[in-house]
1. Taking 1 over the mean of 1/r across every pair of different Cα atoms in region 56-130, what Kirkwood radius in Å do you get?
2. Report, in whole Å, the centroid distance computed from the Cα atoms of region 93-136 and region 1-34.
């Protein structure tokens, strides 16, 4: 009587689903990494009696198009609404915050249109910077 040996089975790992798992892990870490703030070293600063407050600067974008459409930080508004809107933004600033208005005006505007907006900035005592470009 001959005894048959059973066939040797080799151990296999089914890897077809690992591709899906790796894809989901990669996607998860990519999404989470965009939500995490950059690593910053937190330090408790020493006290000094002669320390000065640091002034932080914030810019407000004011855009005037060729057809006299006005935008403050990508929000369209009428010419009459510019002064109250800027006044409201300036009223919300903190004590050690400096505001600048970055004025981007189309080159085809008349000087009077530009001066009217600059005059609003002068009434509100805010620094206005006019954007220009170098000729090619």
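1. Value: 12.5 Å, from the Cα pair sum.
2. Spelled out, the Cα-based centre of one part sits 63 Å from the other.
Throughout, read-outs are computed from the coordinates displayed, never taken from laboratory work. As the structure is a prediction and not an experimental result, all values here were calculated from the model.
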